[in-house]
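Just so it is clear, none of the values below were taken in a lab; they were calculated from the coordinates. Just so we're clear, the structure is a prediction, and the values are computed from it rather than from any experiment.
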């Protein structure tokens, strides 16, 4: 096994990819060799000593391909340090701290497969131009109209970097 760390992600609009890149960059700045790859590009975990996996959230769930990734690699993931993160618009709401326990529960399907050494919960982005022109896309626009949450980039880069720094000793 190599000393590399894999940061892998499933993203729909690019917000989660950006979070994964920031995590990878922070780990690399700490001297760790890191690959940042979309989950669909990862077939083999043998080159990696640790894995950080993250997904966007849709309807209170990690994306299907993210859950499938963990299921497909469960045997390998339980043998190495594994951290998980999610990116969702819910955490951009005013008073988002009250929603953190509920948002954390969205990682339960992952926890049932692999016990993460750490979990990161991050606000994402809401770009109305990238929403599908479907009923679900319309439902996502309603809270914006009702001012429940706002469109824009709500990622807290400082919180993301701090979490990534906290991973260093856990992944070595």
Calculated diffusion of region 4-171, Stokes-Einstein form, Kirkwood radius summed over Cα pairs, 25 °C and 0.890 mPa s, µm²/s: 152 µm²/s
Over what distance in Å are the Cα centres of region 1-51 and region 56-92 separated? 13 Å
What is region 4-171's relative contact order, in percent, from Cα pairs under 8 angstrom and six or more apart in sequence? 25 percent
